Amino acid sequence: MKRIVFGLLLSVVWGISQADSLVINNASKVSFKGYDGQPATVTGAETKGTLGTLYATSAGTFSVTYLGEESGYLDSFSLGNGKSLVEKDPLGTTISEKISKAGVVSFSFSDYYQVVDNCKKKTNTYTDTFTNGQKEGPVFGYAIMKGQTNKYGIFDYILGFNDIYGRDADYDDFVVGVKFTPATPVPEPQTYAMLLAGLGLLGLSIRRRKNGAFD
């Protein structure tokens, strides 16, 4: 009986620690092809994901690791606190930001490119930025792919950015792995019920042992 109760309590504690703290709002499925090049050597070739907004359900730390790029432009990733990742960074470079409360996680992807204007004999510089929470167009934005473990860490999700170069949609132009560590464990409602049930069984077991001793 004690082993059963202990197992139940252990599963409750595990459930608290594993409660989802990083979720996808306004999710819609997306399928694509052409995910290859440098990112695929780390994450493997991907063919499907989700469009949507990453939302933190509690305070905590949002960490982002650079996993590769396959782009015609110079792409980058930036957090709300100003820290950023760029293509020249070594693979595995990680940046992070403390999040004080639940809400939309503050980050963005950007592309950078130059166009030569032969008529005016000058070069124009352009930057397009896609922010988490922004509505995605047919090709410009990022796909949220399933989490995985690779040589650079354990990630809740893989994010693949698709810049506007070429008007394709392969979501491998700038790829990062993200992980959210809550400041405190975030129990789900059913976890409380399991905890109460476990404590009740433990109390019953102790009571029976005491009654047996008296008998």
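The values are calculated or read from the model by the stated rules, or taken from the named source; none is laboratory data. As the structure is a computational prediction, the values presented were derived from the model and not from experiment. Backbone-built Cβ (ideal geometry, glycine too); neighbour counts: all protein chains shown.
Tabulated data
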read-out	value
Candidates Glu97, Glu87 - the one that is in the same structural domain as Tyr165 (by TED's automatic domain parsing), modelled with pLDDT of 95 or more and under 21 Å from Ala143 (Cβ atoms)	Glu87
Complete set of residues in region 146-173 that are among the basic types (Lys, Arg), out of contact with any helix residue (DSSP H, G or I) (no Cβ under 9 Å at 6 or more places or on another chain) and touching a residue at least 40 places away in the same chain (Cβ under 8 Å)	Lys146
Considering residues of region 131-178 that are at pLDDT 95 or above and among the basic types (Lys, Arg) only, the residue farthest from Gly37 (Cα to Cα)	Lys146
Residue check for Val115: closer than 19 Å to Asp163 by Cα, at pLDDT below 95, of a type in the set (A, V, I, L, M) and in contact with a strand residue (DSSP E or B) (Cβ under 7 Å, 6 or more places away or on another chain)	yes
Which numbered condition Ser71 misses (of (1) buried (at least 18 other Cβ atoms within 10 Å of the Cβ); (2) not acidic (Asp, Glu); (3) not in a loop (DSSP other than H, G, I, E, B))	(3)
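Residues checked against (1) closer than 20 Å to Leu79 by Cα; (2) assigned to a strand (DSSP E or B):
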position: Cys119; (1), (2): no, no
position: Asn124; (1), (2): no, yes
position: Asp128; (1), (2): yes, yes
position: Pro138; (1), (2): no, no
position: Ile154; (1), (2): yes, yes
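Here is a yes/no grid of residues against (1) modelled with pLDDT of 95 or more; (2) in a helix (DSSP H, G or I):
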position	(1), (2)
Arg3	no, yes
Leu8	no, yes
Ser11	no, yes
Gly15	no, yes
Ile24	yes, no
Ala40	yes, yes
Thr53	yes, no
Thr61	yes, no
Val64	yes, no
